[in-house]
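S.K.: I have a structure I would like to understand better, so I am pasting it below and will then ask my questions one at a time.
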There are 2 protein chains.
Amino acid sequence: MKKAVFYHAGCPVCVSEEQEMLNLIDGNKVEVEIGHLGDVKSRLPEAENSGVKSVPALVLDNGHVLHINYGAGIADLK
Amino acid sequence: MKKAVFYHAGCPVCVSEEQEMLNLIDGNKVEVEIGHLGDVKSRLPEAENSGVKSVPALVLDNGHVLHINYGAGIADLK
């Protein structure tokens, strides 16, 4: 099973895209963890180290980062 | 079956993200058509009317547009 982390910050763009992405993704192939950077700011360094520049973003276990639309820059969340 | 159109323009960012997205998406729930705006410029108006601002982008049949990372602006493709 592949793993992926969907980082978001609770903004309207994030929540909407989160639902869209979770509806599209094959749950049998990919296990998606949600990382809420608005509520859990301690995960910001982890997200930045993964290459996340803005939220919402999906980090795949091969290291690729898919930035999906634009809700907020990572600097705005600190 | 839901339908979606993945617009791209053959740029390296697009091709890479196309593969990532197609690997993630549940083919039993969503049928993804590929719209190559580099090769088929006649589809540019259709993409713009769908709300595509840059490629790669995935347009869902509920009208939502997911811009995934940033390969090129739609104006750069004309």
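S.K.: Provide the net charge surrounding A:Lys2, with neighbours chosen by a C-beta distance below 12 Å and charges set as Lys +1, Arg +1, Asp -1, Glu -1.
M.R.: Combined, the nearby Lys, Arg, Asp and Glu give -3.
S.K.: Now for a separate question. Roughly how many Å² is the accessible area per residue of chain A, as a whole number, for a 1.4 Å probe?
M.R.: Normalised by residue count, the accessible surface of chain A is 48 Å².
S.K.: How large is the direction-averaged shadow of the alpha-carbon convex hull of the protein assembly as shown, in nm²?
M.R.: Mean shadow area of the hull around the Cα atoms is 8.9 nm².
S.K.: Round to the nearest 10 and give me the degree value, 0 to 90, for the angle of helix B:12-24's Cα axis relative to the longest principal axis of chain B.
M.R.: Taking the Cα atoms of chain B, the angle to B:12-24 is about 10 degrees.
S.K.: Moving on. Counting Lys and Arg as +1 and Asp and Glu as -1, what is the net charge of the other residues whose Cβ lies under 15 Å from the Cβ of B:Lys29?
M.R.: -3
S.K.: Sticking with this one: Please figure out what share of the DSSP beta bridges in chain B is antiparallel and state it in percent, rounded to the nearest 5.
M.R.: Counting DSSP beta bridges with both partners in chain B, the antiparallel share is about 55 percent.
S.K.: Okay, next question. Give me the percent of the accessible area of the protein assembly as shown that comes from carbon and sulfur atoms, probe 1.4 Å, all protein chains in place.
M.R.: 52 percent
S.K.: Put a dot 7 Å past each Cα toward the Cβ at A:Asp61 and B:Lys53; how far apart are the dots in nm?
M.R.: 3.4 nm
S.K.: Take a quick pass over chain A and tell me how many lysine pairs come in under 19 angstrom between Cα atoms, counting only ones 8 or more apart or on separate chains.
M.R.: 5
S.K.: I'd like the FRET efficiency for B:Lys41 and A:Tyr70, computed as 1/(1 + (r/R0)^6) with the beta carbon distance as r and R0 of 30 Å, rounded to 0.05.
M.R.: So the FRET efficiency works out to roughly 0.70.
S.K.: Taking amide hydrogens as modeled 1.01 Å from N in the peptide plane, which residues meet the under 5 Å criterion relative to A:Ser54, leaving out close sequence neighbours?
M.R.: Those lying under 5 Å, H to H, from A:Ser54 are A:Ile74.
S.K.: Sticking with this structure for a sec: Using Cα-Cα distances under 8 Å and only pairs 6 or more residues apart, what relative contact order does chain B have, in percent?
M.R.: Rounded, it is 38 percent for chain B.
S.K.: For chain B, what are Rg and Dmax over the alpha carbons, in angstrom?
M.R.: 11.4, 34
S.K.: Just give the residues from the stretch B:9-38 buried by at least 10 square angstrom of accessible area in the all-chains context relative to the isolated chain, probe 1.4 Å, and say none if nothing qualifies.
M.R.: The answer is B:Ser16, B:Glu17, B:Glu20, B:Met21, B:Asn23, B:Leu24, B:Ile25, B:Asp26, B:Lys29, B:Val30.
S.K.: Roughly how large is the B-A contact in terms of buried accessible area, totalled over both chains, probe 1.4 Å, nearest 100 Å²?
M.R.: Looking at B and A, the buried total is near 1700 Å².
S.K.: B:Asn28 to B:Lys2: extension gain in nm, 0.36 nm per residue of separation minus the Cα-Cα distance?
M.R.: My answer for the length gained is 8.5 nm.
S.K.: Given only helices, namely DSSP H runs of n ≥ 4 each adding -39500 (n - 2.57), what is the per-residue ellipticity at 222 nm of chain B, to the nearest 500 deg cm²/dmol?
M.R.: About -7000 deg cm²/dmol.
The values are calculated or read from the model by the stated rules, or taken from the named source; none is laboratory data. A quick note: this is a predicted structure, and the numbers were derived from the prediction, not measured. As a convention, Cβ positions derive from the backbone with ideal geometry for all residues, glycine included, and neighbour counts pool all protein chains shown. Quick note on the areas: whole protein, heavy atoms, side chains included, nothing else; ligands and nucleic acids left out. Shrake-Rupley method; radii C 1.70, N 1.55, O 1.52, S 1.80 Å.
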